[in-house]
Amino acid sequence: MSINTPSQPLKFAYWVPNVSGGLVTSDIEQRTDWGYEYNVTLAQLAENNGFDYALSQVRYTASYGAAYQHESTGFSLALLLATQRLKVIAAIHPGLWHPGVLAKFIASADQLSGGRAAVNVVSGWFKDEFTGLGEPWLEHDERYRRATEFIRVLKELWTDDHAEFLGDFYRIHDFDIKPKPVTSADRPHPEIFQGGNSTAARKLAGTVSDWYLSNGKDFDGFAEQVDEVRAHAAANSHTVRFGLNGFVVARETESEARAVVREIVDKANVEAVEGFRSAVQQAGNSTSDNKGMWADSEFEDLVQYNDGFRTGLIGTPEQIARRAIEYKRRGADLLLLGFLHYHEDVEYFGKHVLPIVRELEAELDRTGDPVAVGATS
């Protein structure tokens, strides 16, 4: 296992609640809303409380307690125009988008926002969304082959005035989009994020993606993913950064925080969770090595539908901050967070958790001593 002590500050992102039902499939009270006005206020709160990114979810059909949803790319642009510094990541599906059309949309969004647009390329796990729209549903590893080509086409169109690409899924000939996205020395094109847990997903990240997003994991589970993806990246002379999903419940005492999680699970919408479990575990187990996302998730994990409870960001501000630093040591460049009551919880995180994170980072940089910093359990 590799251990990091980088000087770059840990970055923070939040899941945009542009889908109804909040970030847990539970009948517990959630003072979170999927609408535009709520989300504009949230985005402004987030960028003023230390958040660097927001990730707009993608869902096309009503399901699993998510009856309503705003389309991710349009909603992301709206949030970009309502903020000053926040980078907004729009989740999209190859197969439902042509990369040339998406490249054009994101280039415009990037220009309008001063270089703050990004994408999360979702290879696809929800079969009904493809078949319901009359689109073919590819075998698991084929979806990742398509995603690899999709990302290569995005980069080609964003950086070349005479884009050329000849692949099995996409063919581009002497194509030019203008304006190009905003560029800088450390950002040649909009950032490309990608999730997944399977071997195919890890190889994709180690080949073409800028960021690899992990579902919720304990320390060892996350470190194992980081090591494997880094090995693929090294073999391809590629650099990739790492994000980790987590659900934060920060309270004055650990017992208060754990009681909230217990209430969330106790009030889970069982029918919705089981429907979600049926869909995602079919997708996870469809891989040859059974390492796909959610393949080993339990009922409690799926109540927070990206296994966010597994990351263990539950307790007092200091406990959460120390755990965040330990994930940073194990390779995390970013934590992608969900909350129960977004407005209140994001502001609380910025005021009470983030300052401790920054203090611990400074101590880690000063001493290089992980014992002085971190949670290890």
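The values are calculated or read from the model by the stated rules, or taken from the named source; none is laboratory data. Everything quoted here is computed from the prediction, not taken from an experiment. Cβ sites come from the backbone with ideal geometry, for glycine too, and all protein chains shown count toward neighbours. Please note that ligands, DNA and RNA were not included when accessible areas were found on the heavy atoms of the full protein model with its side chains. Shrake-Rupley method; radii C 1.70, N 1.55, O 1.52, S 1.80 Å.
Within the range 3-152, what whole-number % of the accessible surface is contributed by carbon and sulfur, with the 1.4 Å probe and all protein chains included in the calculation?
Percent of accessible area from carbon and sulfur atoms in the range 3-152: 51.
Which ³J(HN,Hα) values, rounded to whole Hz and listed in residue order, are derived for the range 338-344 from phi using the Karplus coefficients 6.51, -1.76 and 1.60 in 6.51 cos²θ - 1.76 cosθ + 1.60 with θ = phi - 60°, glycine and proline given as x?
Each residue of the range 338-344 in turn: x, 9, 7, 10, 4, 4, 5 Hz.
What angle, in degrees between 0 and 90 and rounded to the nearest 10, separates the Cα long axis of helix 72-81 from the longest principal axis of the Cα atoms of the chain?
70 degrees
Any idea what log10 I(q)/I(0) is at q = 0.17, 0.19, 0.23, 0.28 Å⁻¹ for the range 187-242, Debye with uniform C-alpha scatterers and no solvent?
Values, matching the q order: -0.47, -0.58, -0.82, -1.14.
List the lysines whose alpha-carbon lies under 28 Å from that of K11, not counting same-chain residues fewer than 8 positions away?
Within the straight-line cut-off, K11 pairs with K87, K104, K155, K180, K203, K217, K291, K328, K351.
What 222 nm value per residue comes from the helices of the chain, counting each DSSP H run with n ≥ 4 as -39,500 (n - 2.57) and dividing by all residues, nearest 500 deg cm²/dmol?
So the calculated ellipticity at 222 nm is -12500 deg cm²/dmol.
Would you mind getting me the FRET efficiency between A259 and Y68? Use the beta-carbon distance for r and R0 = 25 Å, nearest 0.05.
Calculated value: 0.25.
I'd like to check one number: the per residue accessible area of the chain, probe 1.4 Å, reported in Å² as a whole number.
Accessible area per residue: 40 Å².
For the charge dipole of the chain, defined by +1 on Lys and Arg C-beta atoms and -1 on Asp and Glu C-beta atoms about the Cα centroid, which residue among F105, A250, H352 has the Cα displaced farthest towards the positive pole?
Positive-most Cα among the choices belongs to F105.
For a quick check: with amide H placed at 1.01 Å from N, whose amide H comes under 5 Å from N120's, ignoring anything fewer than 5 positions away on the same chain?
Under 5 Å from the amide H of N120: A90, A91, I92, F193.
Taking 7 Å along the Cα-to-C-beta vector as the label spot, tell me the E298-E139 distance in nanometres, rounded to one decimal.
3.4 nm
Pairing the Cα long axis of helix 317-329 with the longest principal axis of the chain, what angle in degrees results, from 0 to 90 and rounded to the nearest 10?
40 degrees
Is the range 87-243 best put as rounded, prolate or oblate by its Cα gyration tensor, with a ≥ b ≥ c the root eigenvalues, rounded for a/c under 1.5, and otherwise prolate when a/b is larger than b/c, oblate when not?
oblate
Okay, which of the range 174-204 sit inside 12 Å, backbone N to the point 7 Å along the Cα-Cβ direction of T159?
What the label zone holds, given the 12 Å backbone N cut-off, is 184, 186-192.
Can you run phi through the Karplus equation (6.51, -1.76, 1.60; θ = phi - 60°) for the range 207-212 and list ³J(HN,Hα) in whole Hz, with x for Gly and Pro?
Each residue of the range 207-212 in turn: 10, 9, 7, 7, 9, 10 Hz.
Could you pull out every residue, at least 5 positions away or on a different chain, whose amide H is within less than 5 Å of the one on K11? Hs are placed 1.01 Å off N in the peptide plane, and Pro or chain starts have none.
L334, L335
Tell me the Rg and the Dmax, in Å, that the Cα atoms of the chain produce.
According to the Cα coordinates of the chain, Rg and Dmax are 19.7, 61 Å.
Please list, in order, the residues from the range 9-25 whose amide nitrogen is less than 20 Å from a point placed 7 Å along the Cα→Cβ vector of D33.
Only 15-24 fall inside the zone, counting backbone N under 20 Å.
Cα gyration tensor of the range 29-142, axes a ≥ b ≥ c as square roots of the eigenvalues: rounded (a/c below 1.5), prolate (a/b > b/c) or oblate?
Judged from the Cα gyration tensor, the range 29-142 comes out oblate (a/c at least 1.5, b/c at or above a/b).
In the range 23-73, which chymotrypsin sites (Phe, Trp or Tyr not before Pro) fall in coil by DSSP and have 14 or fewer other Cβ atoms within 10 Å?
Those that pass, being in a loop and sparsely packed, are Y68.
Apply the Karplus parameterisation 6.51 cos²θ - 1.76 cosθ + 1.60, with θ equal to phi minus 60°, to every residue of the range 157-174 and state each ³J(HN,Hα) to the nearest whole Hz, in sequence, with x for glycine and proline.
5, 6, 10, 10, 6, 10, 4, 9, 7, 10, x, 7, 10, 9, 9, 10, 10, 6
Would you mind pulling out the separation of the Cα centroids of the range 158-226 and the range 25-101, in Å?
With the range 158-226 and the range 25-101 each reduced to a Cα centre, they are spaced 20 Å.
Using the Cα centre as the reference, give the magnitude of the dipole from point charges on the C-beta atoms of the range 305-357 (Lys, Arg: +1; Asp, Glu: -1; all else neutral), rounded to the nearest 20 debye.
300 debye
Can you list residues whose amide H is under 5 Å from A66's amide H, if they're 5+ apart or on another chain and H is modeled 1.01 Å from N?
Hits under the 5 Å cutoff: none.
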